[in-house]
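First comes the structure, then the notes that go with it.
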Amino acid sequence: MARIKHQDIQRENNSLHILAILGLFILIAVYAISTVARFSISPEIGMAFVTFESVNHLSQVLHKFVVFNETWYRPFTFYLINYFAFHWIDIHNIYLFKSVGLAIILLNAYVVTILAKVLFKSTFVERVIIFSLIVTHPLYYSIAYEGSGITDPVFAIFLNLFVIFFIGLIYKTKPRHNLIFVVLCCIFTLVTITSQERGLAIFLMIGGLTIYSYRHQCVSKTFVLLYSVLVFCLYMYFVYGSKQSWNGSDYRTDFELTYIIPNLIKGIELPLRFMFLNMNKGYDIHKEWGFNLLALPFTLSLLAYFVSVYRSNDTEEKSRLIILTILFLSALPLPILFGGNVWHFYTAALYVSIVMGRAFWFWCQRLNKEMQTLLLSVFFIGLSVATVRGIHQELDETGLGHFMSLLPQALTDKTLKQAPFIPEVVYYDTGGYGDFTWPFGGKGNVFKFIYKNPAIIEIALVHGKVAESDKQLCNQVKGKKTLYYGYDLEHLSWYKIPEKNYCAQSG
């Protein structure tokens, strides 16, 4: 079969460029309105505020890089990035905070398109398609509307910057820059593994790419592998050794087949934009034909593309696909073995989106200009509609919208804004949430966040009695200024409750 020249099948014309730019602009606008414009935020912003307030100086931030016994070893994102971000923006400005998160999500997608250009020499329209698939991927919905679009995308940005320069180093695209590339690769390695535990995928990538690309260069291969093994061992000893706290359904350190087997399926279907497997979470609402139908043509074009490349004589394209497969497989072991949430497969989805976008444009280029224009228009319209529909399903049809709106609504609630003083203690009745206090600022930080005081003691009440989880706080309330509130889940509002010693009544 004739050698495949993807970018030479048909030159892209200006009209397609204009259509791609216009479609991308509309898609980003739809995405921004559907996520950033929603008055919703993750309750974890309350916990982030408390963490941020406890770190007042840059020296404290830098010290976190050598503190390994915390639940999460993410000093670069949880402390360094947050330290600068929260000094530059008002964390209480929900729209501004989410806009910064959206900008990071878009930057992450752009970096991946650079990787596509470096690896596949992807054309402009192809990169726009890849960018669009990444930004609108279902795994990214919650990252945007929760306002948590910092940690995971930042980690992915540095991981893929490493891959870009490592590929340049392997194939010596700029021999005069070899030393610079080596230094950058070392820096990006350290930044990646201090940004997110799933950054350990970088060592699998180093090993796989080195073995595949340095097959006949023993000295270079040995040096790179020794470096990666050394850093990996240090990380495992200092960081992973203290992860006994990972024992829940979403994060764990032991090997449980009841989690691993379903995750093997997730590792395939989720990056492909499918959701068939029951995950016992709100995201299960996407398990219906309308949602999964959109992914079908992309998956079919991807499979046909693989067959076409396999049957061709294009060894270069085959080599590129092997490299991308190494990246994809390297991103899976951590979420499969130790994860449990859909966004744990975020990184693997990046690499599937690259080849999925490439496959779609490969077949599209074989059509005439009129059909290309029609297909691209359907592509952007379809993704826009699917994004609006998917986010509506997650937030509104599951009731998750109430959960995500509690903290933003509290910022503007008249009852809370008219507080006569900044309290030292707050009793709050959780109303319809009962013992479930997570929506209240991540297990009770809502008033610390609203009144900008991390010293406030918050005690949850369940039908007028102190919640079991907060009883240990009762010995700290005597003689302190106290406020009393109740939450109305039906109207998403707060009201005053009787002022009395609830701790004494609860024993």
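The values are calculated or read from the model by the stated rules, or taken from the named source; none is laboratory data. Source: prediction; values computed, not measured. Cβ sites come from the backbone with ideal geometry, for glycine too, and all protein chains shown count toward neighbours. Accessible surface areas use protein heavy atoms only, side chains included; no ligands, DNA or RNA. Shrake-Rupley method; radii C 1.70, N 1.55, O 1.52, S 1.80 Å.
PHE158 meets each of the listed conditions (1) more than 15 Å from the chain's Cα centre (by Cα); (2) at pLDDT 85 or above apart from (1).
On the basis of being without any contact (Cβ under 8 Å) to a residue 24 or more places away in the chain, out of contact with any helix residue (DSSP H, G or I) (no Cβ under 9 Å at 6 or more places or on another chain), assigned to a helix (DSSP H, G or I) and over 26 Å from ILE211 (Cβ atoms), does VAL385 make the cut?
Against the criterion (without any contact (Cβ under 8 Å) to a residue 24 or more places away in the chain, out of contact with any helix residue (DSSP H, G or I) (no Cβ under 9 Å at 6 or more places or on another chain), assigned to a helix (DSSP H, G or I) and over 26 Å from ILE211 (Cβ atoms)), VAL385 does not qualify.
Output the residues belonging to region 76-98 that are outside any helix (DSSP H, G or I) and of a type in the set (A, V, I, L, M, F, W, C).
Within region 76-98, ILE89, ILE91 meet the criteria.
Screening GLY401 against (1) of a type in the set (Gly, Ala, Ser); (2) more than 30 Å from ALA29 (Cβ to Cβ); (3) buried (at least 16 other Cβ atoms within 10 Å of the Cβ) leaves a single unmet condition, (2). Looking across region 414-442, the residues that are surrounded by fewer than 18 Cβ atoms within 10 Å (Cβ to Cβ) and among the charged types (D, E, K, R) come down to LYS414, LYS417, GLU424, ASP435. Residues in region 234-250 that are within 21 Å of the chain's Cα centre (by Cα) and open to solvent by 60 Å² or more (accessible area, probe 1.4 Å): 1 in all. In summary, GLY199 fulfils each of the numbered conditions (1) open to solvent by less than 10 Å² (accessible area, probe 1.4 Å); (2) farther than 24 Å from TYR73 by Cβ; (3) among the small types (Gly, Ala, Ser) with the single exception of condition (2). Can you spot a residue in region 41-52 that is in a loop (DSSP other than H, G, I, E, B), polar (S, T, N, Q) and in contact (Cβ under 8 Å) with a residue 12 or more places away in the chain? Yes; the residues of region 41-52 include at least one that is in a loop (DSSP other than H, G, I, E, B), polar (S, T, N, Q) and in contact (Cβ under 8 Å) with a residue 12 or more places away in the chain. Within region 103-120, the set of residues being without any contact (Cβ under 8 Å) to a residue 24 or more places away in the chain and more than 19 Å from the chain's Cα centre (by Cα) comprises LYS117 only. Residue-level analysis places ASN475 outside the set of residues that are surrounded by fewer than 19 Cβ atoms within 10 Å (Cβ to Cβ), without any contact (Cβ under 8 Å) to a residue 40 or more places away in the chain and outside any helix (DSSP H, G or I).
Taken over region 251-277, the criterion of being of a type in the set (D, E, K, R) and either open to solvent by 40 Å² or more (accessible area, probe 1.4 Å) or more than 25 Å from LEU302 (Cα to Cα) (or both) is satisfied by ARG252, ASP254, GLU256. Of the helices (runs of 4 or more DSSP H) lying entirely inside region 299-379, those containing at least 2 residues that are open to solvent by 10 Å² or more (accessible area, probe 1.4 Å), closer than 20 Å to LYS121 by Cα and out of contact with any helix residue (DSSP H, G or I) (no Cβ under 9 Å at 6 or more places or on another chain) are 315-330. When region 73-87 is limited to residues that are at pLDDT below 85 and either surrounded by fewer than 13 Cβ atoms within 10 Å (Cβ to Cβ) or closer than 20 Å to TRP246 by Cβ (or both), the one that is farthest from the chain's Cα centre (by Cα) turns out to be HIS87. Evaluation of ILE129 against the conditions (1) over 21 Å from LEU395 (Cα atoms); (2) surrounded by fewer than 23 Cβ atoms within 10 Å (Cβ to Cβ) shows that the sole unmet condition is (2). In region 140-155, of all residues being in a helix (DSSP H, G or I) and touching a Lys or Arg at 6+ places or on another chain (Cβ under 9 Å), the one that is farthest from GLY442 (Cα to Cα) corresponds to PHE155. Look at region 386-398 and say how many of its residues are surrounded by 14 or more Cβ atoms within 10 Å (Cβ to Cβ) and acidic (Asp, Glu). The total comes to 1. Looking only at residues of region 479-507 that are part of a loop (DSSP other than H, G, I, E, B) and small (Gly, Ala, Ser), we find that the one that is least open to solvent (accessible area, probe 1.4 Å) is SER506.
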